[in-house]
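**Student:** Can you keep this structure in mind? I'll have questions shortly.
Throughout, read-outs are computed from the coordinates displayed, never taken from laboratory work. All values reported here derive from a predicted model rather than from experimental measurement. Positions of Cβ are backbone-derived with ideal geometry, glycine not excepted, and every protein chain shown enters the neighbour counts.
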Amino acid sequence: MSARLNEPALPPTRADATHEVLNQPPPLAGYNAFSGDRILLGSLRRAGAAWVEPEGVALGALIGSERMQTLALQANRYTPELKTHDRFGHRIDAVDFHPAYHELMSLAFGAGLHSLAWTAKKSGGFAARAALNYVWNQGEQGISCPVTMTFAGVQVLRYAPALALEWEPKLTARAYDPRPLPVAQKTGATIGMAMTEKQGGSDLRAVTTIAKPADGAYLLTGHKWFCSAPMSDGFLALARLDDRVTCFLVPRSLPDGTRNPFLIQRLKDKIGNRSNASSEIEFRNTRAHLVGPPGKGIATIIEMAHLTRFDIVVASAGMMRAGLTQALHHCEHRSAFGSRLAEHAAMQNVLADLALESEAAALTAFRLAEAFDNSAKDANERMLARIMTPLAKYWLCKRNPVFTVEAMECLGGNGFVEDGPFGRLFRESPLNGIWEGSGNVICLDVLRSAEREPESLTALLAEIRAGGDNAHLNNYADRLESEFADRSNIEMRARRLVEMAATALQASLMLRHADSRAAGAFCASRLGFDWGHVLGTLPARTECKVLIERSRLQ
Ligand SMILES: Cc1cc2nc3c(=O)[nH]c(=O)nc-3n(C[C@H](O)[C@H](O)[C@H](O)COP(=O)(O)OP(=O)(O)OC[C@H]3O[C@@H](n4cnc5c(N)ncnc54)[C@H](O)[C@@H]3O)c2cc1C
């Protein structure tokens, strides 16, 4: 055996080849995920953010490149490792990442994925940033966690103006600086979030971490059960101050250069999202600064959750687009039973249904981005963003896993091997539904919004009706109005109500912005129930070929 191992490998020759490789699609690389996407470009122009196109084109080329695919594969295969101590026994609580992770972080933060909404000099910053995020999530998803938390953390830190003055320029800089230094010495900084404890994640009133005043700041003692991106420079954390849940900023390094006690107990062995470290941590007299009023911790940090949920909507739409792109490519080049897969009627139905679902998801994400952009000057849009964020978060997170499984199946066996992107997309797809509010909690938030801020429900119903005089839509809007008004058993009906509202909203957006044949097929299937229980069950009259062609990257 060992003698054979030592023999030099024979160069491959035609003589020892057993077969010719046939009927395998060419690698999907060298395309532009931004400029080729008509639906994305249309949404961006409508939102008044076409100015981001040059940056989008550059990012789109990166995402469609072989280099990006290699980085994503490596960062998820060679996963982060915890180093609690150095070789001399000193506690360091560091996480080692593969170089591919650092490169991805540099690319994402260098492109302003985390900051464009705050730094844009023109209107439409949320939509422009959403476009970049939508494209990025077609390449790699683990990096989106620190990107999103840094983006969302900026808003919360503004409740502590002195901290914001120091931190915001670093948090919005287009730079990734992984050095463990005090924020003042860094070229760019990142933010994480530490809310969830063992005894409660959704129910943040159960927080047990204690804060005690000390020298103009506070010392925290307690634990966090999920804390992602633990190498971030600061964490927004909840702790009890005089028994009232309060929000704090925990810097990883102190101004004198020493590390703040931040004891990483272990890294979670996660089902997906593997490039990103998620940890269990303990605070032991850990220095922290107050953010927002004492006792208002949940209300303060929920603003971060709201923006994170918005990002999740965009990310989910991007992931669906990624699955669709893969499925279209494969079916275009692979043949079975004498013709290309894309020419088989049953496959056309699947691809067309995927295309409809992906388009509706993208329109939802960009309408939400537009509502965020308009929020400062339009109370109605602010109310729409309030209710639409959990609504869209719930629905797209529910659709994404179903969508991904179906897109994966289009590739047959090739879809189920780790060399391609589907392993990552598949394992990632349920995650967004869990963090930042799991399904039920998110539906209850929609109900809360409708009850406490009735203008948000009015804005939502108006947005649905804006789809025009469509019988299905009118019927849905009428039903939603009376179902929301009826408070009996409302929690029991929460998922049904949110699902109905989300589908009607998507139909309204399709009627306004999609090709009339696509909008017609969406309404017939999703509102008219001329549809089965899985994707690929559109009515036989559907012009599937047209829908497929529209969804191809140009
Ligand atoms: C990969 C990953 C990374 C994470 N990173 C972070 C992080 O960086 N920082 C952080 O703070 N947290 C993080 N989390 C935690 C995440 O936000 C929580 O897991 C999530 O909020 C749910 O909380 P829980 O796990 O305590 O579940 P629970 O709150 O126990 O909920 C369990 C289930 O019960 C349902 N439920 C809860 N309340 C109700 C109700 N009133 N009515 C009906 N159903 C209800 C929920 O919808 C859920 O389905 C992360 C989680 C994951 C998976």
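**Student:** Rounded to the nearest 0.05, what FRET efficiency is calculated for S516 and M492 with R0 set to 41 Å and r the Cβ-Cβ distance?
**Tutor:** Working from the Cβ atoms, E equals 0.65.
**Student:** 222 nm [θ] for the chain, helices only, -39500 (n - 2.57) per DSSP H run of 4+, per residue, to 500?
**Tutor:** That calculation yields -16000 deg cm²/dmol at 222 nm.
**Student:** Let me ask something else about it. Which whole DSSP H helices in the chain pass both tests: a Cα extent of 24 Å or more along the axis and a mean Kyte-Doolittle value no lower than -1.0?
**Tutor:** 297-333, 345-374, 379-410, 494-513
**Student:** Could you work out the relative contact order of the chain, using alpha carbon pairs under 8 angstrom and six or more residues apart, expressed as a whole percent?
**Tutor:** Across the chain, relative contact order equals 14 percent.
**Student:** Counting each pair of different Cα atoms once, what's the Kirkwood radius of the chain in Å, rounded to one decimal?
**Tutor:** Kirkwood radius, the chain: 24.6 Å.
**Student:** Arrange the following residues from fewest to most other Cβ atoms within 10 Å of their Cβ: T286, T503, T79, T258.
**Tutor:** Going from least to most buried by this count: T258, T79, T503, T286.
**Student:** What full-extension length gain, to one decimal in nm, is calculated for D269 and E451 as 0.36 nm per residue of separation minus the Cα-Cα distance?
**Tutor:** Taking 0.36 nm per residue and subtracting the Cα distance, the gain is 61.6 nm.
**Student:** Rounded, prolate or oblate for the stretch 391-470? Axes are the square roots of the Cα gyration tensor eigenvalues, ordered a ≥ b ≥ c, and the cut-off for rounded is a/c under 1.5.
**Tutor:** Cα axes put the stretch 391-470 in the oblate bin.
**Student:** May I pose another question? HN-Hα J couplings of the stretch 514-522 from phi, Karplus 6.51/-1.76/1.60, θ = phi - 60°, integer Hz, Gly and Pro as x?
**Tutor:** So the Karplus estimates, Gly and Pro as x, are 9, 4, 4, 5, 5, 4, x, 5, 5 Hz.
**Student:** Let me ask you something else. Using θ = phi - 60° and the Karplus relation 6.51 cos²θ - 1.76 cosθ + 1.60, list the HN-Hα couplings for the stretch 275-282 in order, rounded to whole Hz, with x at every Gly or Pro.
**Tutor:** Karplus-based 3J(HN,Hα) across the stretch 275-282 equals 5, 8, 7, 10, 10, 10, 10, 10 Hz.
**Student:** Calculate, in nm to one decimal, what W51 and S335 gain on full extension: separation in residues at 0.36 nm each, minus their alpha carbon distance.
**Tutor:** Taking 0.36 nm per residue and subtracting the Cα distance, the gain is 98.1 nm.
**Student:** Right, another one. Past 25 Å, Cα to Cα, is the threshold; run K270/K393; K170/K393; K224/K270; K212/K296; K212/K268 against it and keep the listed order.
**Tutor:** Too far apart for the 25 Å limit: K170/K393; K212/K268.
**Student:** While we're here: Select from the stretch 185-229 those chymotrypsin sites (Phe, Trp or Tyr not before Pro) which occupy a DSSP coil region and have at most 11 other Cβ atoms within 10 Å, ordered by residue number.
**Tutor:** Passing both the DSSP loop test and the Cβ count: no residue.
**Student:** Could you give the distance between the Cα centres of the stretch 320-335 and the stretch 221-266, to the whole Å?
**Tutor:** Result: 44 Å between the Cα centres.
**Student:** Also, quick follow-up: Could you calculate the FRET efficiency of E343 with A17 from 1/(1 + (r/R0)^6), where r is the beta carbon distance between them and R0 is 30 Å, rounded to 0.05?
**Tutor:** E(calc), rounded to 0.05, equals 0.50.
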